[in-house]
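A.B. asks: Structure in structure tokens, see below.
The values are calculated or read from the model by the stated rules, or taken from the named source; none is laboratory data. Values in this document were obtained by computation on a predicted structure and should not be read as measured data. Cβ atoms come from the backbone with ideal geometry, glycine included; neighbour counts cover every protein chain shown. Note: accessible area is taken over every heavy atom of the protein model, side chains too, but ligands, DNA and RNA are not part of it. Shrake-Rupley method; radii C 1.70, N 1.55, O 1.52, S 1.80 Å.
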Amino acid sequence: MTDKSQSSPATPITEAGFRADLDALLASGKNEPALTHLITELPRLLGTNKINRKEKLKHLTFAGRMLQGAGLGKYGPLKLERKATNLARVVKRHGLRSRRTFVDLGCGAHEPLGLATYFYVNGFEKAFGSDFMPVSDAAYAALSMADILTDMYIFPETYMMDGTDLDSYLARIKNFDLGALKRGDLDAGLARVAHNVEFKCCDIVEAGIEPGSVSFLISYAVFEHVMDIPGVTKHIYDLMEPGGLGFHYIDLADHRAYRHDGDYNEFSFLTEEDCAPNLNRLRASEQAAAFKAAGFEILENRPKQKPIPEETHKRYLPRFAAMSDVDQSAHAMRLVIRKPL
């Protein structure tokens, strides 16, 4: 077996062979090749007349879930747990003035209320997800929310933040209509918490969040796309309460590198005058300076660096070539900020 399936259209496929290859790839940590195997071989498996319909449904249902569990998916408890664990550490390190309002800025279209649900269950009065994009598939989001809430209920030790009361935590989980979520009805599943957990499909400046109310505001891979950095950072400053905490993971890379076609690397767009229109190309120091100019205190500023391909570095535009080594080589950064008291 190789990373890509060795089967050809003429090679018979069996359930046992399909599962053995999938299991071996996942066991060896080759998650992307496992996804390739699923995409290429599952249609062949489903097309055979030697397997009955319910056996085919089994593979449709559970093979994908195995890959979700390996961290490849856009849904589910593992995705939430990774982010929530990181944010809980940030809160523990720097503290919260209150648990009044949580905002997930750029929450995404797939599971927009995952983190909002986590923070609501952990005692926040209100929790919002905000994004330009509408929910991509409400039924899938509902099913995933059912999985998340079930996981949170069974494993409170994994999901409870310091200072959260267990009885309140469990009661808040029960405020959701798990039955409706399991049926794929997102609106009904959220109906009982609609005033506490809400998706805002709009620009954050139009979200109607009460100024001075936000205790904790976070974003993942959002601020590299913001074109009006001064305006947005100032609006966020106004939304937050005195002492309010912020966490921002900013992806500073050329996103074309994620095509995996080898045509681009994380720094390619620093060689071009014309590039992707939805990336601002601000470097690490410029992103941090924007938050500081809005009035925030910088508690943590951690750029993530990697080597720049030599040929790319030679072609840097003058304004990027003149920057510091960190600004030239940072492909991502973590910022933790606070609004002064």
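A.B. asks: What does the charge count around Leu181 come to, taking other residues whose C-beta lies under 11 Å from its C-beta (Lys +1, Arg +1, Asp -1, Glu -1)?
C.D. replies: The answer is -2.
A.B. asks: When we measure straight from the Cα of Lys83, which lysines land under 28 angstrom away, once same-chain ones fewer than 8 places off are left out?
C.D. replies: Once the sequence-local lysines are set aside, what remains near Lys83 is Lys30, Lys74, Lys92, Lys126, Lys174, Lys182, Lys200, Lys234, Lys292, Lys304, Lys306, Lys339.
A.B. asks: Before anything else, pin down the relative contact order of the stretch 84-200: Cα pairs under 8 Å, at least 6 apart, normalised by residue count, whole percent.
C.D. replies: 29
A.B. asks: Go ahead and run the numbers for FRET between Ala321 and Arg256, Cβ-Cβ distance against an R0 of 22 Å, rounding to 0.05.
C.D. replies: Result of the calculation: an efficiency of 0.60.
A.B. asks: Tell me, what HN-Hα J-couplings in whole Hz come from the Karplus equation 6.51 cos²θ - 1.76 cosθ + 1.60 at θ = phi - 60° for each residue of the stretch 34-50, using x for Gly and Pro?
C.D. replies: 3J(HN,Hα) across the stretch 34-50, in whole Hz: 5, 5, 4, 4, 4, 5, 7, 9, 4, x, 5, 5, 5, x, 6, 8, 8.
A.B. asks: Please list, in chain and number order, the residues 5+ apart from Gly244 or on another chain whose amide H is under 5 Å from its amide H, with Hs placed from the backbone.
C.D. replies: Counting only residues 5 or more places away or on other chains, the set is Lys339.
A.B. asks: Taking θ = phi - 60°, what integer Hz values does the Karplus form 6.51 cos²θ - 1.76 cosθ + 1.60 yield along the stretch 310-323, in sequence order, with x for Gly and Pro?
C.D. replies: Residue by residue, the stretch 310-323 yields 4, 5, 5, 4, 5, 9, 3, 4, x, 5, 7, 5, 7, 7 Hz.
A.B. asks: In a Gaussian network model over the chain where Cα atoms closer than 10 Å are linked, find which of Ala139, Ala171, Ala109 has the largest mean-square fluctuation.
C.D. replies: Of Ala139, Ala171, Ala109, the Gaussian network model singles out Ala171 as fluctuating most.
A.B. asks: With θ set to phi - 60° and the Karplus curve 6.51 cos²θ - 1.76 cosθ + 1.60, what are the ³J(HN,Hα) couplings of the stretch 113-121 in order, to the nearest whole Hz, using x for Gly and Pro?
C.D. replies: Coupling constants for the stretch 113-121: 10, x, 5, 4, 5, 4, 6, 4, 4 Hz.
A.B. asks: Follow-up question, since we're still on this one. Considering only protein heavy atoms and a probe of 1.4 Å, how much of the accessible area of the chain is carbon and sulfur, as a whole percent?
C.D. replies: Answer for the chain: carbon and sulfur cover 54 percent of the accessible area.
A.B. asks: Turning to a different aspect of this structure: Could you put Arg192, Arg100 in order of accessible surface area, largest first, with the 1.4 Å probe and the full protein assembly present?
C.D. replies: Heavy-atom accessible area, descending, gives Arg192, Arg100.
A.B. asks: A further question follows. With every protein chain left in place and a probe of 1.4 Å, what is the accessible surface of Ser329, to the nearest 10 Å²?
C.D. replies: Approximately 10 Å² of Ser329 is accessible to the 1.4 Å probe.
A.B. asks: For Gly17, what is the net charge nearby, where nearby means another residue's Cβ is under 12 Å from its Cβ and Lys, Arg count +1, Asp, Glu -1?
C.D. replies: Cβ neighbours under 12 Å give a net charge of -2.
A.B. asks: OK, next. Could you compute how much accessible surface Ser215 exposes when probed at 1.4 Å, giving the result in Å² to the nearest 10?
C.D. replies: The value for Ser215 is about 0 Å².
A.B. asks: Would you please give the residues with an amide H less than 5 Å from that of Ala127, counting only those at least 5 places away or on a separate chain, with H modeled from the backbone geometry?
C.D. replies: Phe102, Val197, Glu198
A.B. asks: Return the FRET efficiency for the residue pair Asn52, Arg183: r is the Cβ-Cβ distance, R0 is 22 Å, and the value is rounded to the nearest 0.05.
C.D. replies: 0.30
A.B. asks: Next question. Go through Lys58, Lys174 and list them by solvent-accessible area, largest first, probe radius 1.4 Å.
C.D. replies: Lys174, Lys58
A.B. asks: Taking only C-alpha pairs under 8 Å that are 6+ residues apart, what is the relative contact order of the chain in percent?
C.D. replies: 14
A.B. asks: Please work out the C-alpha center-to-center distance from the stretch 262-327 to the stretch 196-235 and express it in whole Å.
C.D. replies: Distance between centres, Cα-based: 23 Å.
A.B. asks: At what distance in nm do the modelled label points of Asn86 and Leu299 sit from each other, each positioned 7 Å from its Cα along Cα→Cβ?
C.D. replies: Going by the 7 Å Cα→Cβ label model, 1.6 nm.
A.B. asks: OK, next. Which residue, Met323, Met145, Met133, tops the fluctuation ranking in a GNM of the chain built on C-alpha contacts under 10 Å?
C.D. replies: Residue with maximal mean-square fluctuation among Met323, Met145, Met133: Met323.
A.B. asks: Using a 1.4 Å probe, how large is the accessible area of Asp274, given in Å² and rounded to the nearest 10?
C.D. replies: Counting only protein heavy atoms, the figure is 140 Å².
A.B. asks: When the chain is treated as a GNM, springs tying every alpha-carbon pair under 10 Å, which of Ala146, Ala191, Ala20 comes out with the largest mean-square fluctuation?
C.D. replies: Ala20
A.B. asks: Further, regarding this structure: Quick check: net charge around Tyr264, other residues with Cβ under 13 Å of its Cβ, Lys/Arg +1 and Asp/Glu -1?
C.D. replies: Once positives and negatives cancel, what remains is -3.
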